[in-house]
Amino acid sequence: MGLTLTVRAQGQPNYTVTDLGTQMNAFNASVTGINSAGQVSGFDVLPGNFGPSGFRTAADGTIDWSLDNIGTLGGSYVAAQSLNNLGQVVGMSTDAGGVQHAFRTAA
């Protein structure tokens with residue numbers, strides 16, 4: 001008695017890859033979170049002695065540094081680590097004295 005097995009190929013995944021962009025002259029950008037609204041948090045790094053710059057995008061948007069830069073606590077370094085469904089970002093930043101602090105943004 002023989003066994004015949006028919007396997008049907010599944011269709012290709014249906015998704016879209018979106019280039020979120022980066023600051024001019026940045027040599028990389030990293031995404032650290034996405035929420036159910038499509039907001040993305042992350043950071044990019046500029047060449048030289050500049051620390052990372054953190055961002056939070058609008059829902060389903062690309063990075064617009066004039067609107068999305070989350071700023072620092074007075075220092076030169078900020079890394080957005082995650083965000084929640086309210087749009088609050090958490091991460092770490094330096095103050096003017098170079099001391100690292102945890103932060104949470106408003107929604």
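Among the candidates Gly51, Gly75, Gly87, single out the residue that is within 17 Å of Leu20 (Cβ to Cβ), without any contact (Cβ under 8 Å) to a residue 60 or more places away in the chain and surrounded by 15 or more Cβ atoms within 10 Å (Cβ to Cβ).
Sole residue among the options that is within 17 Å of Leu20 (Cβ to Cβ), without any contact (Cβ under 8 Å) to a residue 60 or more places away in the chain and surrounded by 15 or more Cβ atoms within 10 Å (Cβ to Cβ): Gly87.
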Of the residues in the stretch 90-107 that are without any contact (Cβ under 8 Å) to a residue 24 or more places away in the chain and crowded, with 16+ Cβ neighbours inside 10 Å, the one that is farthest from Asp60 (Cα to Cα) is Met92
| said: Just checking, does the stretch 74-87 include any residue being at pLDDT 85 or above, out of contact with any Ser or Thr (no Cβ under 8 Å at 6 or more places or on another chain) and assigned to a strand (DSSP E or B)? | reply: no
Per the filter on the stretch 27-38, residues under 15 Å from Asp64 (Cα atoms) and touching a residue at least 24 places away in the same chain (Cβ under 8 Å) are Ala29
Within the stretch 33-62, residues being over 15 Å from Ala80 (Cβ atoms) and either among the charged types (D, E, K, R) or in contact with a helix residue (DSSP H, G or I) (Cβ under 6 Å, 6 or more places away or on another chain) (or both) number 1
Within the stretch 54-68, of all residues that are more than 13 Å from Val89 (Cα to Cα) and not charged (D, E, K, R), the one surrounded by the most Cβ atoms within 10 Å (Cβ to Cβ) is Ile63
Only one of (1) in a loop (DSSP other than H, G, I, E, B); (2) crowded, with 16+ Cβ neighbours inside 10 Å does not apply to Gly11, and that is (2)
Counting only residues in the stretch 15-48 that are modelled with pLDDT of 90 or more and assigned to a loop (DSSP other than H, G, I, E, B), the one surrounded by the most Cβ atoms within 10 Å (Cβ to Cβ) is identified as Gln39
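The values are calculated or read from the model by the stated rules, or taken from the named source; none is laboratory data. Because the structure is predicted, anything quoted here is derived from the model rather than measured. Positions of Cβ are generated from backbone atoms using ideal geometry, with glycine treated the same way; all protein chains shown enter the neighbour counts.
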